[in-house]
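The values are calculated or read from the model by the stated rules, or taken from the named source; none is laboratory data. What you see is a predicted model; the values in this text were computed from it and never measured. Here the Cβ positions follow ideal geometry from the backbone for every residue, glycine too, while neighbour counts run over all protein chains shown.
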Amino acid sequence: MVKPPSLQVGNCEFEPRRDHHSFKRGVVSYELAMERAGAEVLLYKEFGSYQGDWLAKVIYEGKQMWINGSYGSCSGCDSFQAEFDNCSHDCDGNGGDYYNPVHSNRFYKCNRCMEILEKLIEFGLNYINNYAFTQEEMENKLNKDSDYSDDKEIYEYIIKNAITEKVS
């Protein structure tokens, strides 16, 4: 992985980001939170349109698992947006440009950026600790014969990308 260049905003030092260059919803949302919490995200996919379910296959603390959640189109129905859409702040403290570290995945070492990063990690850990499923649990959670098309699509996705081996 190429290390990003050393950057500064005013007197704030740069906290290096992980190697993400895409700003699609998944990368700058639940996927980012889980990665910042220490999970390796192997797969991430959203099912639906303006709202729906998302599914991530991750490795966390040596265990491969599915993480399942839902998303929406606004901060009223999407928990990530509710928590992180309004994180812009004056990073250098000199009334300069306002900066949202979540949207760029670049956290400077100012107090506000570090508070937001800590909140992002806690948000990711909440999903890892409370919405994780084994392959069998995920299959049982879904009804392969459901009339709901997203359930069928998710079921086919987890079968196609099944957890088949243990991680050491």
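Does CYS87 meet the test of being touching a helix residue (DSSP H, G or I) at 6+ places or on another chain (Cβ under 8 Å) and in a loop (DSSP other than H, G, I, E, B)? Judged against the criteria, CYS87 is a match. Scanning region 53-95 for residues that are under 12 Å from MET34 (Cα atoms) and among the polar types (S, T, N, Q) yields a single hit, ASN68.
When only residues in region 73-88 that are crowded, with 17+ Cβ neighbours inside 10 Å and not acidic (Asp, Glu) count, which is nearest to ARG112 (Cα to Cα)? Restricting to residues being crowded, with 17+ Cβ neighbours inside 10 Å and not acidic (Asp, Glu), the top hit is CYS87.
Residue-level analysis places GLU165 outside the set of residues that are closer than 19 Å to VAL41 by Cα, of a type in the set (Asp, Glu) and at pLDDT 95 or above. Looking only at region 90-136, filter to residues that are of a type in the set (Val, Ile, Thr) and closer than 22 Å to ASP78 by Cβ; which one of those is modelled with the lowest pLDDT? Among residues in region 90-136 that are of a type in the set (Val, Ile, Thr) and closer than 22 Å to ASP78 by Cβ, the one modelled with the lowest pLDDT is VAL102. Those helices (runs of 4 or more DSSP H) of region 103-164 in which at least 2 residues are farther than 30 Å from SER88 by Cα and among the charged types (D, E, K, R), considering only elements entirely within it, cover 135-141, 149-160.
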